[in-house]
Amino acid sequence: MKLVVIGTGYVGLVTGTCLAETGHDVVCVDIDRAKIELLRRGEIPIYEPGLQEVLVRNVDKKRLHFTTELTSVMDDAEILMIAVGTPPMEDGSADLSHVLGVAETIGRHMKSYKIVVNKSTVPVGSGDLVRAKIASLTTHEFDVVSNPEFLKEGDAVNDFMKPDRIVLGVSSKRAEEAMRRLYAPFQRTGHRLIVMDVRSAEMTKYAANALLATKISFMNEIANLCEALGADVTSVRYGVGSDPRIGAQFLFPGIGFGGSCFPKDVVALARMGDDAGVPLRILHAVTDVNDRQRLRVADKVVAHFGEDLSGRTFALWGLAFKPRTDDMREAPSIYTVDALTKRGAKLRGYDPAAMKEARRLMGNRIELFEDSYSLLDGADALLIMTEWQEFRDPDLKDVKRRLKNPLIFDGRNLFEPEHMRAAGFEYHCIGRK
C-alpha cells in the first residue's frame, strides 16, 4: 500500500520506517528541511536502538522516502497518517493546532478518497474535529481513523514489529478493511487487531498510559512508606508482582516517571475529566506523587549535607529519563539539578546517549564528562539518576578511590544495600533498609 506519514518525530519516524520494512511504500513528511536532509542521508535525529539500520535498508530499497512537501505526495497515497506533536498547553490540555493544521492542508488539497489516520496522541473527540475541519474544505469522500501507538522508547522497533495489540478506531467498513490490509503482516502469528469506535480508541491510549503511571506512583508511595517503617520495598515488590492480577511490570520504585508521554498524558486525561464534570481524583494524585518523587534524591542529599550546599560537588550518572534513549523531557535529573544548584552545589554529569540534549537543556548548570569515572574525582557523592546497563556493575574500588566520600545516593536501586555496605559505601536508595 502507498501511505504518507506526516511528522518525523519519534512516533512518525518509527511508524513510517517499520511500515516500509513490511513492504509498504511510505513517504515521511516534515516541515523541518534540515531534519529531512538528515534522514535522506540515512541519519536519524533521535537515539533509538535498531532504527537507523531499518531506515537505511528501506531507503536503499526505495520503499522509504522523505520530503517537506505534503501536497506533492498526497495524490498517490490511500492512507495519510498524522503523527505530529500535541504538546501540553498551560492548562494541561493537549494542543491540537498542529493536528488541525495538517487536517486543513489535507482538506484543501484532497482530490480523491483518503483515509486520514490519527497516530498522534489526541484527546477524546479529536477525530470529530479533524473530520469537521476536512469536511469544511472538500467535497471528496474520506474517513478518519484513530490508531494510537503503544511504543516504548528504547525498544520501539521491536514493539512495532511485534505488537501485543493494534488498536483501530473506525467508523466505516471501507476504512476498517484498508487498515486490516495495512497491518496484515503483523497478524500472521495471532490476531492482535482490536477494532472499536474512534472515541474509544482515543480513550484507550490515554487510559493505558495513565494506568501504567498510576502503578509507578503507587509503588513509589509504598517505597517511601517502607523506608519510614523499616520494610524493604524490593521484597514487597516481589510479593505484590507475583499476583497475576497485578503483574510485575511498572512496580519498580525510583525517582518518578518522565518522558514525552506519561506526564503530559496523565495531566491531559485529568483535564478531560475536569472539563466533562467527572474529576479523576486518582490521576491528580498520581501527578502530585510524581512531582514530589522526582526530588527524592535531592531531598536525601539535603538531609545528609544540609540546606547550604556551597562548596559541594556531586556526580550524576544518567541524565535521560530512562535508559536506551536520549530523551530528557520531564527527566528527574532536570529537577534534581535545579534543586541542588539553587542550594549552591556544583554538578557533574554523564549519560551514554543524552549528552547533546543535556547540554542544550542544562547549559552551564552542570559540567558534562565523556566517561562515567572521571567526573567522580573529588566529588562529595555519586547520584544515580538513570538505570543504564553500564552502571550496574561498576568497579566499586575505583569509584570509592575517586570520590571524596564513599557515598552513593541511588535513585534507581541498582545495587544490593548489603553488598554496598560490605564494599565500604554509605548507600542511600529508595524504599530499602
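Pairs exceeding 31 Å between alpha-carbon atoms, taken from Lys162/Lys400; Lys35/Lys346; Lys152/Lys356: Lys162/Lys400; Lys35/Lys346. Size of the range 122-204 from its Cα atoms: along the principal axes, largest to smallest, the extents are 40, 25, 19 Å. Shown here is the pair-distance distribution of the range 172-227: with all Cα-Cα distances grouped in 5 Å bins from zero up to the longest one, the shares run 4, 14, 15, 15, 14, 10, 8, 8, 6, 4, 2, 0 percent.
Loop-located trypsin sites (Lys or Arg not before Pro) across the range 226-286 with a Cβ neighbour count of 16 or fewer within 10 Å are Arg245, with loop assigned by DSSP. Residue separation of Glu53 and Leu225 scaled by 0.36 nm, minus their Cα-Cα distance, works out to 57.4 nm of gained length. Using the alpha-carbon positions of the range 205-292, Rg (one decimal) and Dmax (whole number) come out as 13.7, 42 Å.
Peptides 333-346, 117-130, ordered by how many other C-beta atoms sit within 10 Å of their residues on average, highest first, read 117-130, 333-346. Against the chain, whose longest principal axis is taken from its Cα atoms, helix 281-293 shows a tilt of about 50°. The Cα atoms of the range 86-164 give a gyration tensor whose axes a ≥ b ≥ c have a/c of 1.5 or more with a/b no greater than b/c, which makes the shape oblate.
Only bridges whose two residues both fall in the range 2-196 count here: according to DSSP, what percent of them are antiparallel, nearest 5?
Antiparallel bridges: around 5 percent, rounded to the nearest 5.
With axes computed from alpha carbons, what is the tilt in degrees of helix 198-229 against the longest principal axis of the chain, rounded to the nearest 10 within 0 to 90? Between helix and principal axis, roughly 10 degrees. Sorted from longest to shortest, the spans of the Cα atoms of the range 294-428 along the three principal axes equal 39, 34, 24 Å.
Charge tally for Phe150 (other residues, Cβ to Cβ under 14 Å; Lys, Arg +1; Asp, Glu -1): -1. Label point of Ala132 set 7 angstrom out along Cα-Cβ; within the range 90-118, amide nitrogens under 17 Å from it belong to 94-105, 107. Quick one: longest stretch of the chain between exposed loop GluC sites (Glu not before Pro), exposed meaning at most 10 other C-beta atoms within 10 Å and loop per DSSP? Within the chain, the longest run free of exposed GluC sites (Glu not before Pro) spans 91-306.
Counting other Cβ atoms within 10 Å, which trypsin sites (Lys or Arg not before Pro) in the range 121-158 have at most 14 and lie in a DSSP loop? Write down the numbers at each step before the final one.
Details: sites: Arg131, Lys133, Lys152; in loops: Lys152.
Answer in residue order: Lys152.
Take the Cβ atoms of Glu78 and Asn364, set R0 to 51 Å, and the FRET efficiency comes out at 0.50. Please report, to two decimal places, log10 I(q)/I(0) for the range 25-109 at q = 0.16, 0.26 Å⁻¹ as given by the Debye formula with identical point scatterers on the Cα atoms and no solvent. Here the Debye-derived log intensity ratios amount to -0.76, -1.30.
Beta-bridge orientation, the chain: approximately 5 percent antiparallel, per DSSP, counting only bridges with both partners inside.
In the chain, the longest principal axis of the Cα atoms and the axis of helix 51-60 are about 30 degrees apart. Beyond 35 Å, what share of the Cα-Cα pairs of the chain is found? Please give it as a whole percent. Result for the distance tail: 36 percent. Contact order, relative form, for the chain: 12 percent (alpha carbon pairs under 8 Å, 6 or more residues apart, mean separation divided by residue count). Other residues whose C-beta falls under 12 angstrom from the C-beta of Tyr373 contribute a net charge of -1, scoring Lys and Arg +1 and Asp and Glu -1. Dipole of the chain (Lys/Arg Cβ +1, Asp/Glu Cβ -1, origin at the Cα centre): which of Ala210, Ala298, Asn58 lies farthest to the positive side? Comparing the listed Cα positions along the dipole, Asn58 ranks first.
Each value in this text was obtained by applying a stated rule to the coordinates, not by laboratory testing. The shown structure was predicted, so the numbers you read here are calculated from the model rather than taken from an experiment. Here the Cβ is made from the backbone with ideal geometry for all residues, glycine too, and neighbour counts use every protein chain on show.
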